[in-house]
Each structure stands twice: as C-alpha cells, then as structure tokens.
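Asks: Below is one structure. I have some questions about it.
Every number in this text was worked out from the coordinates using simple rules, so none of it is lab data. Keep in mind the model is a prediction, meaning the values are calculated, not measured. FYI the Cβ positions are ideal-geometry reconstructions off the backbone, even for glycines, and counts take in every protein chain you see.
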Amino acid sequence: MQSLDHRVIEQAISWLANGRTVWLCTVLSTFGSSPREPGSLMVATSDGDHVGSLSGGCVEEDFLERLAAGGYELPAMIVSYGAPADGMENARIRLPCGGVLDVLVERLPANPGNQAHLEQVHRALSGERELLRLVALTDGQAWLESAEPTGPKVLREEGAEIVGIRIGPVAKLILAGYSTVAEACASFAISLGYQVVLCDPRDEVTRGLTLPQGVEFIPQLPSLYIASPGACTPSTAVVAVTHDPRIDDLAMMVAVKTSASYIGVMGSRRTSQARAERLRRTGGLSDTEIERIHMPIGLDLGSKTPAEIALAIMADIVRVRRGRDPHSRLSE
C-alpha cells in the first residue's frame, strides 16, 4: 500500500529532476477541527501544480494563490492559518470550529542536494524503521536521524530553530484471524489510514466473507505471515481477537520476536493470566516477551459490542503509536 506521502515525495523528486523548484509543505500542528493530521505533506510548484493536501481545500487554494504571486521565498518558514489576531495569521482564512493549522513551508530549488535528501526520505517511507527528519528554520537545511519506534509525529519546541518530523513506513495492522471484532477493527483502521492485512486459514469461518474495502485477506495461518520477512516493522500492530488459542497463541509467540510496536490479544483478565502461563510453558516466552503483549487488549472503555471493543483496541494502538501514557489527558 503506497501512502499519499509516498506520492507527494515521488512527485517532488520528479519535479526536481526536471529542474523545477518545489515547495514542500508539512502540517506541524492542528488545534480544533482539521481533516489532516500533523506530518501530512503537500508539494507544489509556482505555477499551481500540486500533490497532497493540508486541509479541506481553502488553505490549499490560498497557499497556491500566494505562491503564484511570489510568496514564500524563504528557505523555510512556518505559516499559521486561523491563528489569533496577534499571531502570524492568514486573515482571509478561518478554519472550522475556530481551528488553527501550522504549516512548515520549505522552498527546495532543483539541485543535487535536495534531490538526494528527498530520495532518502522516499527510502525511509518504504523502509522498515522510523527516522526523524530535522529542518532548520534559519537556513532550510534538512537531514535525517534515527528515531524511537513510537512517539509524536512532530517534535517542535517553542522558540526552537529546528523542527523534527517523524517519517517511516505506513502504519500497518495485522489481524490474526477473523471475528466480528476483527472486522470492526479493520473498518476503523482503514479510516485511520492504516494498511490492513487479515490472515485466517479457516475456510469454514471465512467462506463468503466480505471485508471492508482496502483490507488485504490472506488465507494463511497468521503466525506464518507475521514471521515472514518484511511483514512487521516498528509501524506495525498485531492484533488477535478470535478467542481461538490455536490462532491467538501462535500469533503472539511469533509477534513478540518481531519489531511490531503493538501486540495485543483479546480476553478477560482471567483468560489473559491463563494465556500468559501457556505462553511461558508451551511457547517458551520470557517474562520480558510476555510483557510486550497487551492483554487484555485495548483501553478500558467498558466496551461491550464488537464495535465498542474495536474502538478501544484502535484507540490503544493510536495511543502507543503516538507515545502517550494511557492516563494522559487530552490537553497534555
């Protein structure tokens, strides 16, 4: 699955190769209502060509209009839309619900250095580990450094002259076996932009199954797929919600040997304790490996229905991916 970020960077590389200056725009932060999350990309040229988006359309139109008029000539700058009157606001743009959108705008002339840097970014988006793209606001210099597998998408301190943007492979959800909860997880994950793979070898369970559009179905034992080269990266979550130990336990035994950042299996606290003992006894897992497994899975929302359980699971996956404590408040 190729993400929109892939297409943005590929187009930027192509335009640079043809001698065209490009403006690379990155959403740094959003407050209030915004359809694009921090880290989202758009690339544009001065004649109005562009790929990607920053919001629902009004921001892009204004940006392209100002770009065509000769704006944004600095190597790097932060532009705010919907900011307070005493901020660097765009007076013509008011975002829904009083929202605020901060965008990093980089002017990248066609030269070998910018070409090589974006090719590195493209490889990172296709790779198996997270990297941090650092941009100096003073002169627009950009470089890549290693990053922790989980954490906020954008690192930006008040008054700092360097902005960090996490880049890496597209977020992926591996569903180990089908169930109604797995199907609901797939729907949520697709809407969140995840690549979703569901593995289940049980023909009696999956015969005639219709999955949400965008879900890749593999009629294979999940543990075999999870163990295959390249299946799991630090951007991968592995979830088992079948209540069938033959599916769930094997998936957990293999998943803890991978770099997946989230590994979880459904069950009550009593069931989870029994599973942990089984995994120690028959799977040979260490306490450290067992501690990697979220069981019971998901946030404690008091969920009862398959959709509610799936919501709790996906919320927990997003929490871990963003490096948030389970007890963090929204304003923190």
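Asks: Can you give me the relative contact order of segment 172-321 as a percent, contacts being Cα pairs under 8 Å and 6 or more apart? The partial results should precede the final answer.
Replies: Numbers: 272 pairs, mean separation 36.0, N = 150.
Contact order relative to length: 24 percent.
Asks: Sort out for me the Cα centre separation of segment 7-31 from segment 108-159, rounded to whole Å.
Replies: A separation of 12 Å, based on Cα centres.
Asks: Still on this structure, please answer the following. Counting only C-alpha contacts under 8 Å and six or more residues apart, can you give the relative contact order of the chain as a whole percent? Write down the numbers at each step before the final one.
Replies: Working: 667 pairs, mean separation 42.6, N = 332.
Rounded, it is 13 percent for the chain.
Asks: Which of the trypsin sites (Lys or Arg not before Pro) across segment 161-206 are loop residues per DSSP, with 15 or fewer other Cβ within 10 Å?
Replies: ARG202
Asks: Just flag the GluC sites (Glu not before Pro) in segment 130-174 sitting in loop per DSSP whose Cβ has no more than 13 other Cβ atoms within 10 Å. Walk me through the numbers before you get to the answer.
Replies: Numbers: sites: GLU130, GLU145, GLU157, GLU158, GLU161; in loops: GLU130, GLU157, GLU158, GLU161.
The qualifying sites are GLU157, GLU158, GLU161.
Asks: Here's something else I'd like to know. When the helix-only estimate is applied to the chain (DSSP H runs of n ≥ 4, each -39,500 (n - 2.57), divided by the residue count), what is the mean residue ellipticity at 222 nm, nearest 500 deg cm²/dmol? Walk me through the intermediate numbers first.
Replies: Numbers: 10 runs with 106 residues, N = 332.
Result for the chain: -9500 deg cm²/dmol, rounded to the nearest 500.
Asks: When a/c reaches 1.5 or more, the comparison of a/b and b/c decides; with that in mind, is the chain rounded, prolate or oblate per its Cα gyration tensor?
Replies: On the way: a/c = 2.19, a/b = 1.95, b/c = 1.12.
Prolate is the answer for the chain, as a/c is 1.5 or above and a/b outweighs b/c.
Asks: Can you tell me how much longer the chain between ASP139 and ARG123 gets when fully stretched, taken as 0.36 nm per residue apart minus their C-alpha distance, in nm with one decimal? Mind dumping the intermediate values first?
Replies: Numbers: separation 16, 0.36 × 16 = 5.76 nm, distance 2.42 nm.
Extra length available between ASP139 and ARG123 comes to 3.3 nm.
Asks: Now, a different point. If you take the charge dipole of the chain about its Cα centre, with +1 on Lys and Arg Cβ and -1 on Asp and Glu Cβ, which of SER126, SER259, LEU285 is farthest toward its positive end?
Replies: The residue sitting farthest along the positive end of the dipole is LEU285.
Asks: Segment 172-321: D in µm²/s via Stokes-Einstein (Kirkwood Rh, Cα pairs, 4 °C, 1.567 mPa s)? Kindly include the intermediate steps, with their values, before the conclusion.
Replies: On the way: Rh = 15.0 Å.
Diffusion coefficient, whole number: 86 µm²/s.
Asks: Along the charge dipole of the chain, which of ALA68, VAL27, PRO219 sits closest to the positive end, that is, farthest toward it, with unit charges on the beta carbon of Lys, Arg, Asp and Glu (+1, +1, -1, -1)?
Replies: PRO219
Asks: If you don't mind, another one. Could you size up the charge dipole of the chain around its Cα centre, putting +1 on the beta carbon of Lys and Arg and -1 on that of Asp and Glu, and report it in debye to the nearest 20? Before the final figure, lay out each step's value.
Replies: Details: 31 positive and 40 negative charges, 202 e Å.
My answer is approximately 980 debye.
Asks: Given the options VAL320, ILE309, PRO152, identify the residue whose Cα lies farthest towards the positive end of the charge dipole of the chain (+1 on Cβ of Lys, Arg; -1 on Cβ of Asp, Glu).
Replies: Highest projection toward the positive end goes to ILE309.
Asks: Size of the dipole of segment 172-321 about the Cα centre, Lys and Arg at +1 and Asp and Glu at -1 on the beta carbon, nothing else charged, in debye to 20? Display every interim value, and only then the final one.
Replies: Numbers: 15 positive and 15 negative charges, 51 e Å.
Computed about the Cα centre, the dipole is about 240 debye.
Asks: Can you figure out the FRET efficiency of ARG270 with GLU37, using R₀ = 41 Å and their beta-carbon distance, to the nearest 0.05? Mind dumping the intermediate values first?
Replies: On the way: r = 38 Å, r/R0 = 0.92.
Calculated value: 0.65.
Asks: Follow-up question, since we're still on this one. Count the DSSP beta bridges whose two residues both fall in the chain, then state the antiparallel fraction as a percent rounded to the nearest 5. It would help to have the intermediate numbers written out before the result.
Replies: Details: 35 of 54 bridges.
Bridges in the chain are about 65 percent antiparallel.
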